[in-house]
Amino acid sequence: MTIGVPNDLSPALVLNADYRPLSYYPLSLWSWQDAIKAVFLDRVTIVAEYDRAVHSPTASMRLPSVVCLKSYVKPARNPAFTRFNVFLRDRFQCQYCGDHNDLTFDHVVPRSKGGLTTWENVVAACSPCNLRKGGHMPKAAGMFPQQKPYQPTVHDLHNNGRLFPPNYLHESWLDYLYWDTELDPE
């Protein structure tokens, strides 16, 4: 069977059964193929569609732009400790100078002094600050993080993720992404 497909990607925003995105950062998106498959498997409800369609010799279907899961997926209580999540918690900026470039992470209490690789001891740092601090304690280096490192909740990471929207947001997604933004009166 031959299927005519649109030229662009046409991803679908995936909402949980409570109509909130499964994830803000990275934004929960499925390819148009996965979205259509989920529709046929009766796992999602189509909330919004693109103007574009896919065609088979006998049928045509508009591409879903927003889908909602029929079964609620309970979010994880505690986010995984990953380099990316540390950067997201710290809003992709060095906790010593505020720079957004060349990020790595720094142990506030250096590992050589017994510091552990945990949420409560690791912060985002640019390479120059990390090198300048080296294996010194914050007081000895005269460098203190702008915020005390902490274990974020999934909610904390979602809120920070909203500050960094992806390069592409389809207009049909906007009503589901930024719950606390003020609506423009018309």
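Could you put LEU131, LEU69 in order, starting from the residue whose Cβ has the fewest other Cβ atoms within 10 Å?
Working: LEU131 11, LEU69 18.
Neighbour counts put them in this order, fewest first: LEU131, LEU69.
Return the calculated 222 nm mean residue ellipticity for the chain, to the nearest 500 deg cm²/dmol, obtained by summing -39500 (n - 2.57) across DSSP H runs with n ≥ 4 and dividing by the residue count.
Working: 6 runs with 39 residues, N = 186.
Only helices count here, giving -5000 deg cm²/dmol.
Would you list THR118, THR45 from fewest to most Cβ contacts within 10 Å? Walk me through the numbers before you get to the answer.
Working: THR118 11, THR45 15.
Fewest to most other Cβ atoms nearby, the residues stand as THR118, THR45.
Normalised by the residues of the chain, what does the relative contact order come to in percent, with Cα pairs under 8 Å and at least six apart?
Details: 297 pairs, mean separation 39.4, N = 186.
So the answer I get is 21 percent.
Need the full-extension length gain, THR104 to ASP51, defined as separation in residues times 0.36 nm minus the C-alpha distance. One decimal, nm. Spell out each step's value before the answer.
Details: separation 53, 0.36 × 53 = 19.08 nm, distance 4.26 nm.
Stretched out fully, the THR104 to ASP51 stretch lengthens by 14.8 nm.
From the Cα trace of the range 39-148, what convex hull volume per residue do you get, rounded to a whole Å³?
Details: hull volume 19.4 nm³, N = 110.
Normalising the Cα hull of the range 39-148 by residue number yields 176 Å³.
Can you bin the range 22-77 into rounded, prolate or oblate? Criterion: square roots of the alpha carbon gyration tensor eigenvalues sorted a ≥ b ≥ c, rounded for a/c under 1.5, prolate for a/b above b/c, oblate for the rest.
Numbers: a/c = 2.80, a/b = 1.94, b/c = 1.44.
It comes out prolate by the Cα gyration axes.
Under a plain spin-label model, where a point goes 7 Å from the Cα along Cα-to-Cβ, how far apart in nm are ASP18 and ARG62?
Going by the 7 Å Cα→Cβ label model, 2.9 nm.
With a cap of 14 neighbouring Cβ atoms within 10 Å, and only residues DSSP puts in a loop, list the trypsin sites (Lys or Arg not before Pro) found in the range 34-86. Intermediate results must be reported in sequence, preceding the final value.
Details: sites: LYS37, ARG43, ARG52, ARG62, LYS70, ARG77, ARG83; in loops: ARG43, LYS70, ARG77.
Listed in order of number, the matching sites are ARG43, LYS70, ARG77.
What does the extension gain come out to for TYR150 and ARG132, with contour length at 0.36 nm per residue minus their alpha carbon separation? Could you put the intermediate results ahead of the total?
Details: separation 18, 0.36 × 18 = 6.48 nm, distance 2.29 nm.
Gain on extension, TYR150 to ARG132, equals 4.2 nm.
Summing +1 for each Lys or Arg and -1 for each Asp or Glu, what net charge is found among the other residues whose Cβ lies under 9 Å from the Cβ of PRO128? Don't skip to the end; give the middle numbers.
On the way: positive: ARG132; negative: ASP99, ASP102.
Local net charge: -1.
So, in the chain, how many Lys pairs have Cα atoms under 28 Å apart, if the pair is 8 or more places apart or on different chains?
Numbers: LYS37/LYS70; LYS37/LYS74; LYS113/LYS133; LYS113/LYS139; LYS113/LYS148; LYS133/LYS148; LYS139/LYS148.
Going through the chain pair by pair, I get 7.
Arrange VAL123, VAL47 by Cβ neighbour counts within 10 Å, fewest through most, would you? Don't skip to the answer; put the middle values down first.
Values: VAL123 23, VAL47 18.
The most exposed by this proxy come first: VAL47, VAL123.
Full-extension gain between ASP34 and ASN78, please, as 0.36 nm times their residue separation minus the C-alpha to C-alpha distance. Mind showing how you got there, number by number?
Values: separation 44, 0.36 × 44 = 15.84 nm, distance 2.75 nm.
Extending this stretch completely gives an extra 13.1 nm.
Sort all Cα-Cα distances of the range 126-179 into consecutive 5 angstrom bins from zero, then give the percent of pairs in each bin up to the one containing the longest distance.
Spelled out per bin, shortest first, that is 4, 13, 16, 16, 10, 13, 12, 7, 6, 3, 0.
Over the Cα atoms of the chain, what Rg and Dmax result, in angstrom?
21.6, 74
So if a site counts as exposed when it's one of the chymotrypsin sites (Phe, Trp or Tyr not before Pro), its DSSP state isn't H, G, I, E or B, and it has at most 11 other Cβ atoms within 10 Å, what's the longest stretch of the chain without one?
Numbers: sites that count: TYR72, TYR150, TYR168, TRP179.
Value returned for the longest uninterrupted segment is 73-149.
If you scale each eigenvalue of the Cα gyration tensor by 5 and take the root, what three semi-axes come out for the range 83-141, rounded to whole angstrom and sorted largest first?
On the way: eigenvalues 61, 37, 13 Å².
Each semi-axis is √(5λ); the values are 18, 14, 8 Å.
Read the figures in this text as sums done on the coordinates, not as results from a lab. Quantities reported herein were computed from a predicted structural model and do not represent experimental measurements. Glycine also receives a Cβ, built like all others from the backbone with ideal geometry; neighbour counts cover every protein chain displayed.
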